[in-house]
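Worksheet for the structure shown next.
The values are calculated or read from the model by the stated rules, or taken from the named source; none is laboratory data. Computed from a predicted structure; not experimentally measured. With ideal geometry, Cβ positions are generated from the backbone for all residues, glycine too; neighbour counts draw on all protein chains shown. Calculation scope for accessible area: heavy atoms of the full protein, side chains included, ligands and nucleic acids excluded. Shrake-Rupley method; radii C 1.70, N 1.55, O 1.52, S 1.80 Å.
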Amino acid sequence: MEIKVDKLSFDYQKDIPIEKRLINKLSFTIEQDKITVIIGKNGSGKTTLLELMNGLLKPQSGKIIIGDYVIDKKNTVDKEFHKKVGFLFQFPEEQFFHSTVEKEIGFSVDQFQYRVNEKEKRVKEALLLVGLNDSYLKRDPLTLSNVEMRKVALASILIYNPKVLFLDEPTVGFDEENKKSFLKLIKRLKKRYHKTIIMVSHDIEFIHKFADEILVLDNGKLITQGDKYEVFKQEKRMKEIGLTVPKMIQFSNLVYEKKGKKIGYRDEINDLIKDIYRYVK
Ligand code: ADP
């Protein structure tokens, strides 16, 4: 589903003039079936923006259009909306309140009234999708590691198959192995299940591997939006607002600056090495 944000303004305080609000007349479009990553230094309003787009916070002016839904200061979203739009919180453990992983994941579909067999099957499938096996079903979610908790929280969203996924810092604490499997999962969610994925992440090196679009926020304002190369080639501008760009892009920029030679931007180090080899020859 496409998402349109139109002159959106919001502040946690009620009576702040529009130009002083945390989110101030923000407008952009997020294309469907793509992975969009929102970056920006701490406090720039990324989580707030996600919570507005998910209907958890109400805009003070402007609107957000997601499929047939319009979120503005009057509208509150309903159950149907939450079936289409999943939200993975930054600290999922704060949302757990069941005694087992099975109940925790199953709870999120109770409102959809599946038959018992169907529900059990879906719980197992969702768990498998995030890389956890059946042995987790009877575990107490609060005894799991942070990484496992986040996987359980993600499974409890994937089980009801939403079209749009909002993920707030989904890979904090993940080691390389976990990141690899997460990367596989979100690529699969995009390609095979046609999900629109919007993610907030600090991990520039990691998001470089999969982001289609990058949206840069600073002090609640949109600084730039575009495909990852368009955004990351603006290394100076990124630095000015306290952000770094992926090392491979830094390297390509350096070669261009020092040698006047464009070796291009690459996702994989092997491709970059081949380019340099060609250049040196
Ligand atoms: P980011 O995700 O980019 O770090 P946030 O959206 O979390 O930024 O926060 C933006 C600003 O809003 C920060 O100054 C933060 O302190 C403030 N803020 C966040 N949540 C609340 C809240 N519930 N009440 C009041 N202020 C908040």
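Quick notes on this one:
- For region 93-182, the fraction of C-alpha pairs more than 22 angstrom apart is 21%.
- Compared with the dominant principal axis of the Cα atoms in the chain, helix 247-259 is inclined by about 10°.
- Alpha-carbon centroid distance for the pair region 196-215 / region 6-82, whole angstrom: 19 Å
- Only protein heavy atoms count here; under a 1.4 Å probe, R188 has an accessible surface of about 90 Å².
- Using C-alpha pairs under 8 Å with a sequence gap of at least 6, the mean separation divided by the residue count of region 1-159 gives a relative contact order of 20 percent.
- In the full protein context, the chain carries 53 Å² of accessible surface per residue, based on a 1.4 Å probe and ignoring ligands, DNA and RNA.
- With every protein chain in place and a 1.4 angstrom probe, the accessible-area ranking of E51, E19, E104, largest first, reads E19, E51, E104.
- Close amide H contacts of L137 (hydrogens built in the peptide plane, cut-off under 5 Å, sequence separation of 5 or more or a different chain): none are found.
- The ratio of the alpha-carbon radius of gyration of the chain to the globular-protein estimate 2.2 N^0.38 Å is 1.09.
- Ordering H82, H98 by accessible surface, largest first, gives H82, H98; the 1.4 Å probe counts only protein heavy atoms, with every chain in place.
- Within a Gaussian network of the chain (alpha carbon springs, distance under 10 Å), most fluctuating of D11, D78, D212: D78
- Apportionment of accessible area to carbon and sulfur, the chain, percent (1.4 Å): 50 percent
- Computed FRET value (nearest 0.05) for E257 with Q95, which takes r as the C-beta separation and R₀ as 51 Å: 0.65
- List Y69, Y12, ordered by accessible area with a 1.4 Å probe, largest first: Y12, Y69
- C-alpha long axis of helix 116-129 to longest principal axis of the chain, angle in °: 20 degrees
- Ligands, DNA and RNA excluded, the heavy atoms of S145 present near 50 Å² of accessible surface to a 1.4 Å solvent probe.
- I269 - accessible surface, heavy atoms, 1.4 Å probe, Å² rounded to 10: 90 Å²
- The dipole here belongs to region 124-281: it is taken about the Cα centre, uses +1 on the Cβ of Lys and Arg and -1 on the Cβ of Asp and Glu, and is about 660 debye.
- A dipole drawn for the chain from +1 and -1 charges on Cβ atoms has a positive end, and of T100, N54, L144 the residue lying farthest that way is N54.
- Equivalent ellipsoid, region 139-196 (semi-axes from 5 times Cα gyration tensor eigenvalues, Å): 20, 15, 9
- Dividing the helix sum by the residues of the chain, where each DSSP H run of 4 or more adds -39500 (n - 2.57), gives a mean residue ellipticity at 222 nm of -11000 deg cm²/dmol.
- For the chain, the longest principal axis of the alpha carbon atoms and the long axis of helix 176-191 meet at an angle near 80°.
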